[in-house]
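The values are calculated or read from the model by the stated rules, or taken from the named source; none is laboratory data. All figures in this text were calculated on a predicted structure; none of them were measured in a lab. Methodologically, a virtual Cβ is constructed for each residue, glycine included, from the backbone with ideal geometry; neighbour enumeration extends over all protein chains shown. Each accessible area value is taken on the protein alone, full model and side chains, heavy atoms only, with ligands, DNA and RNA left out. Shrake-Rupley method; radii C 1.70, N 1.55, O 1.52, S 1.80 Å.
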Amino acid sequence: MKGWRRALFAVLLGALSVFAFAPVYVWPILFLTFGPLVWLLDGCQRDHANLSPRLVCAAITGFWFGFGFFLAGLYWIAEAFLVEPWRHAWFLPFVMTSLPAGMALFFAAACALAMLMWLPGPGRVFAVAIAFGLAEFARGHVLTGLPWNLIGYGLTANAPLMQLAALFGVYALSLLAGLLFVSPAAIWAPHGSSRAGRKVTATLAAALLVALGLGYVWGERRLAQAEPANTQVHLRLIQANVDQADKWRPENSAEIFADYLDLTRSEGLDRIDLVIWPETAVPFLLADAPDALIALGEALPDGTALLVGSARLIDQRDQAGRLQAQRIYNSLLVIDDQGQVAGAYDKIHLVPFGEYLPFQDFLESLGLMQLTGVSGGFSAGTGPRLIEIPGAPPASPLICYEIIFPHDVINVGRRPGWLLNLTNDAWFGWTAGPYQHFHQARVRAVEQSLPVVRSANTGISAVIDPYGRIFSEIGLGEKGFLDAELPNPGGPTFFVQFGTIVEWSVLALAIVCWLACRVHFARSSDMNGVRRLRA
């Protein structure tokens, strides 16, 4: 394939890859998409004699593959721009082209790097896996990062395979996934490749498939040996299912607060230790609303606390008490049974263009505004990412997409008893976005061997045990409450103890295997040269 046919085919392969992730979970499709991607890169290597055009061809192929992957995988972001269409809809065509295109640059770089390392036979399998493993790590960190739908999540589609995250973490799984999904198709090589190379590639593919099967069996045994145990801390999760388009209308404020109170007061509240409301649950500054705090104090039984997401306004004053500035935070508040704010956590990892704008003042002067519409944007908290909660183990609070960053969910040095994720996925309606977000929260539970308690405005709210199993949940678009006990944490996983070492070791092993392939190829080339001279 050449020209627009090659580009269109690469876009199609990338888009089909997304069916491997939530909510579809047809993860074997990655064999049918990453395999042909290798064949396209084989074509770049075959059709161009010099390195420079090969790299350009590979980068363009990777870009179109990535464009299809991220367009199909992030389409649901468009929903957020239609919540207030009179303000943001005009921006939608730019967002839905520039975001996939920008993210596709990581895949373009991966394919260019793979081509730089290209070798016949199994060498190209390791080249692609190394390049995509590095690219996935990079997109989780560059420019604040967006590690959404990492390739490694394709190996966590079911509960037994999900247990592999406890060993490797999702970044190392992304490299291993590259090896697995590329190797079978790589058996078929361009004309002229050696029969020995094809045999080695077939052996590699078979070994990886066997390893996958063994991983599945190990995951099943791990789940079978996991005995459910609870902390005796009783939780009530509230999901009011407030439509995002209605939430911030002033006339709805009292009704929304009343809905949350009514759900909180539902039968059995006297047995509850913690009530949990989602991110920015009420459309006002709760800490600065004395009437609302009084109502909460009256509603909460003795010894019961409320964990609630709310915007929080902080005045910054000089030594003389003069107001210098005001900052607004996306926060989690701890409200005690007297209606007093007993603790707070301010979101650290903010969403670009959602909660703040790069070059905020300049872009606001041009009339641009982030989706939340807060003048000046939200300010980032400084941590620590640990909060003490009366009557419960200390928790690591994670607001919205903070839970998708594998390296940032807990503080180093002090391990929490659970992960608390407050989110508002109402921005994204009935799309794949909320399901993908929820799945990544489950994988964090397995990586850390910590229970995840997730409260979402419109769903999915759930209690997840340290093995990624869902104890109980409220589905997307449902209104109600959920009572459950907080599961006990598990012991630190292999990934928790050696996470960075594991990731670098997997990368190093793949590089060593690639080097071995390169040495073998060089020797084979020398031997062929000698035979030609003798002939």
So how many Å³ per residue does the convex hull of the Cα atoms of the stretch 437-480 work out to? 54
Given a Förster distance of 30 Å, the FRET efficiency implied by the Cβ-Cβ spacing of Leu363 and Gln319, rounded to the nearest 0.05, works out to 0.35
Its Cα gyration tensor gives the stretch 249-403 an equivalent ellipsoid whose semi-axes in whole Å, largest first, are 29, 17, 16
Convex hull per residue volume in Å³, alpha carbons only, for the stretch 91-192: 132
With every protein chain left in place, what is the accessible area per residue of the chain in square angstrom, probe 1.4 Å? 43
In percent, how large is the relative contact order of the stretch 130-236, given Cα pairs closer than 8 Å and 6 or more residues apart? 26
Taking the convex hull of the alpha carbon atoms in the stretch 201-255, what volume per residue do you get, in Å³? 179
Rounded to the nearest Å, the spacing of the alpha-carbon centers of the stretch 1-31 and the stretch 48-83 is 11
Given labels modelled 7 Å from the Cα in the Cβ direction, how far is it in nm from Ser505 to Leu116? 2.8
Give me the angle, in degrees from 0 to 90, between the Cα long axis of helix 3-17 and the longest principal axis of the Cα atoms of the chain, rounded to the nearest 10. 50
Mind listing the lone cysteines of the chain, meaning no other Cys beta-carbon sits under 4.7 Å from theirs? Cys111, Cys400, Cys513, Cys517
Please list the three semi-axes, largest first and in whole Å, of the ellipsoid equivalent to the stretch 281-336, using sqrt of 5 times the eigenvalues of its alpha carbon gyration tensor. 26, 12, 10
Over all viewing directions the Cα convex hull of the stretch 386-526 casts an average projected area in nm² of 11.4
Percent antiparallel among DSSP beta bridges (both partners in the chain, rounded to 5): 65
Efficiency by 1/(1 + (r/R0)^6): what FRET value for Asp483 and Asp288, r their Cβ-Cβ distance, R0 = 35 Å, to the nearest 0.05? 0.70
Residues meeting the amide H criterion for Ala229 (H placed from the backbone, H to H distance under 5 Å, 5 or more places apart or on another chain) are Asn488
What is the ratio of the Cα radius of gyration of the chain to 2.2 N^0.38 Å, with N the residue count, to two decimals? 1.07
Report, by chain and number, residues whose modeled amide H sits under 5 Å from the one on Ser472, excluding near sequence neighbours (fewer than 5 apart, same chain). Val463
Express in nm, to one decimal, how much length is gained between Asp243 and Val24 on full extension, taking 0.36 nm for each residue of separation and deducting their alpha carbon distance. 76.4 nm
Which value, in Å to one decimal place, does the Kirkwood hydrodynamic radius take for the stretch 1-135 when every pair of different Cα atoms is included? 15.5
Interchain or long-range residues, amide H under 5 Å from Ala157's placed H: none
Counting only protein heavy atoms and a 1.4 Å probe, tell me what percentage of the stretch 118-207's accessible area is made up of carbon and sulfur. 73
Residue-normalised 222 nm signal for the chain, counting each DSSP H run of n ≥ 4 as -39,500 (n - 2.57), nearest 500 deg cm²/dmol, is -15500 deg cm²/dmol
One computes Rg over Rh for the stretch 61-134 from alpha-carbon atoms, with the Kirkwood Rh, and obtains 1.20
DSSP-assigned coil residues among trypsin sites (Lys or Arg not before Pro) in the stretch 260-341, each with at most 10 further Cβ atoms within 10 Å: Arg322
In the stretch 258-306, GluC sites (Glu not before Pro) in a DSSP loop with at most 15 other beta-carbon atoms within 10 Å: Glu267
Would you please state the base-10 log of I(q)/I(0) at q = 0.14, 0.19, 0.24 1/Å for the stretch 329-426, with intensities from the Debye formula using one equal scatterer on every alpha carbon? -0.60, -0.94, -1.23
Cα shape, the stretch 144-249, gyration tensor, a/c 1.5 rule: oblate
So what's the stretch 459-499 giving for Cα Rg divided by 2.2 N^0.38 Å, two decimals? 1.49
Relative compactness, the stretch 172-322, computed as alpha-carbon Rg over 2.2 N^0.38 Å: 1.90
What is the percent carbon and sulfur in the accessible area of the stretch 318-436, measuring with a 1.4 Å probe over the protein chains and ignoring ligands? 55
What is the angle, in °, between the Cα long axis of helix 51-73 and the longest principal axis of the Cα atoms in the chain? Nearest 10 is fine, range 0 to 90. 30
